[in-house]
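The values are calculated or read from the model by the stated rules, or taken from the named source; none is laboratory data. None of the values given here were measured: they were computed from a predicted structure. Glycine gets a Cβ as well: all are built from the backbone with ideal geometry, and neighbour counts include every protein chain shown.
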Amino acid sequence: MIKIDHLTKRYRDTLAVDDLDFEVKPGVVTGFLGPNGSGKSTTMRIILGLDHPTKGQATVNGTRYAELKAPMREVGALLDAKAVHPGRTARNHLRALATSNQIKKSRVDEVLEFVGISAVANKKVGTYSLGMSQRLGIAGALLGDPGCLLFDEPVNGLDPEGIKWIREFFRTLANEGRTVFVSSHLMSEMAVSADEIIVIGRGRFITSGSVDDLTKNAEGTVLVRASDHDKLAALVTANHGVVHDATDEGLTIAGLSSDQIGQLSFDAGITVYELTPQRASLEEVFMDLTAGAVEYGAQKGGSRA
Amino acid sequence: MTNESTLLATTKSEWLKFRSVRSSIMGVAVTVLLTIGLGVLITTLVRTHWSQLSPLRIATFDPVSSSLRGSLFAQFAVGVIGTLLVTSEYTSGSICTTLTAVPNRFRLIGGKCIVLFVTMLILGEFVCFAAFLIGQRIYLGVVPTASITNGAVLRSVILAGLYLALLALFAFALGLMLRQSAAAISVFVSLLLIVPIIGLFFPQNWQNDFMRFEPSTLGVSMQSPFAPSNSFGAWSATLILLAYVTGAMAIAVVLFLRRDAGSNQ
């Protein structure tokens, strides 16, 4: 179990992590979601003792990472797949890691086999593609057979087959009762691979819960195509609905159900050709949640003064 | 408890890392080539030009330090080895992987220093003894030679090897402070080459006081059976160099413990 306890991290004048406080439980895949620059990597680096927190602390199984006796046997991590000396072979890289934590040599061959890079284990890591480096990074994380695993943007650089493989792999790890903490800036990825999601933006906690919970609470919209769009739009506004998008193709309406819109149209004598309730996609929920929490967002049409 | 990560385990791991990259192997090869190769070249030149040397040169000639001169070039190779042992971890980003495996930073530096010092001491002693013995063989019959059984001579050869090992540690400390290969190597080379040149612009009496504290001058003192003029004796020079290494290492370790592991920022 990972516990983040009122964690704050300031780099000179930027506040990278702002009073984060949550727990990552074993037995489920927990997604750590936020736009780029929202503090996901920083949080993970603090969990691993790489960066020092300004305030608060992060513990793994109740102990600060730096104080773990044999860290690789408790926590496996993949932060940056390319963070390996390019001149060393994969096998030597893993052997050095294994040696430092007194993990037996045969385990190196096991993990190489498991991630499927045995055939290239004696090649220099510098010659590896990003996908192969990811697999090597995963092999390194698994060396100590740890109960707790952290992956920072693990699907980056993987081909579709690799992505499918890694999703199943996370599932297996969680089913074995391990704590699996996976960061991503892609809601769609988290929707298929995570059970629980923690959303942050600009270093601050935004929300958390299961994937279903997050979409359930989100507001849906209704797409309407009718005989008189202008009249319908006026009617919707008068009944406390909001017209998000009005084109010749139809109106996107929020705040009213499809039943209500149908009734309104009928009463006003407007013919409805199409009436489609649209459940907010996870991507939209995420955009709504993190709106204003994007560090480097493109401004929409210069509408902000 | 066999499952714990210990200093021994860290050292073994660092040794595996050291010998599994080409830059270390190249650095060792260059050190051998420079110390022994230049030793052969210099001693051969001395032998062939011996009859043309001035009486003063002949009177002050030292067969020991002249055969060990190559080590003053090899010090740059050793410096690169020491620097890269830590800066390569920052340039590749692998320092993060290393620190997740060994989060005890003090122990990590301990392991790295043990590997560096032991390998460089063995290497340094090997090349210095070889350069000395080959040099004396080349001098034999023409130029006066020194015997390794003489206490002062033995000390000079041993300290010449120790000089290389200490400089490697000094370069390592610079690398740990600066975290960039180019910056650390530049500073290292500047201290050994540029500082003495700056010293030349000082008034003569300052120059003598200043120059004898310079690392390569200390190196010359360490590898000479008799103290050269305006220089420290061999043991004093060793202690001063040791103080430099300890000071630099202390600063580097304090910075390393305090700073985030991060990429260069």
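Annotations for the structure displayed:
- Residues satisfying the stated conditions in region B:20-63, i.e. in a helix (DSSP H, G or I), within 14 Å of chain A (Cβ to nearest Cβ) and surrounded by 15 or more Cβ atoms within 10 Å (Cβ to Cβ): B:SER23, B:SER24, B:GLY27
- Yes/no for A:LYS124 being more than 30 Å from A:PHE205 (Cβ to Cβ) and touching a Gly at 6+ places or on another chain (Cβ under 9 Å): yes
- Any hit, region A:113-121, residues being touching a Leu at 6+ places or on another chain (Cβ under 6 Å), at pLDDT 95 or above, within 14 Å of another protein chain (Cβ to nearest Cβ) and not in a strand (DSSP E or B): yes
- From the options B:VAL80, B:VAL86, residue that is within 30 Å of B:LEU33 (Cα to Cα), away from every other protein chain (no Cβ under 14 Å) and assigned to a helix (DSSP H, G or I): B:VAL80
- When B:GLY110, B:GLY135 are screened for being surrounded by fewer than 22 Cβ atoms within 10 Å (Cβ to Cβ), in a helix (DSSP H, G or I) and more than 17 Å from the chain's Cα centre (by Cα), only B:GLY110 passes.
- Count - residues of region A:68-104 that are more than 7 Å from chain B (Cβ to nearest Cβ) and in a helix (DSSP H, G or I): 6
Residue-wise test of (1) within 19 Å of B:VAL78 (Cα to Cα); (2) over 22 Å from the mean Cα position of the chain (by Cα).
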position: B:MET120; (1), (2): yes, no
position: B:GLY124; (1), (2): yes, no
position: B:THR145; (1), (2): no, yes
position: B:THR149; (1), (2): no, yes
position: B:ALA152; (1), (2): no, no
position: B:ALA173; (1), (2): yes, no
position: B:SER181; (1), (2): yes, no
position: B:GLY199; (1), (2): no, no
position: B:GLN207; (1), (2): no, yes
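- Residue within region B:160-179 that is surrounded by fewer than 16 Cβ atoms within 10 Å (Cβ to Cβ) and farther than 21 Å from B:ALA243 by Cα present: no
- Residues of region A:1-56 that turn out to be assigned to a strand (DSSP E or B), more than 11 Å from chain B (Cβ to nearest Cβ), in contact with a helix residue (DSSP H, G or I) (Cβ under 8 Å, 6 or more places away or on another chain) and over 15 Å from A:VAL180 (Cα atoms), as a count: 3
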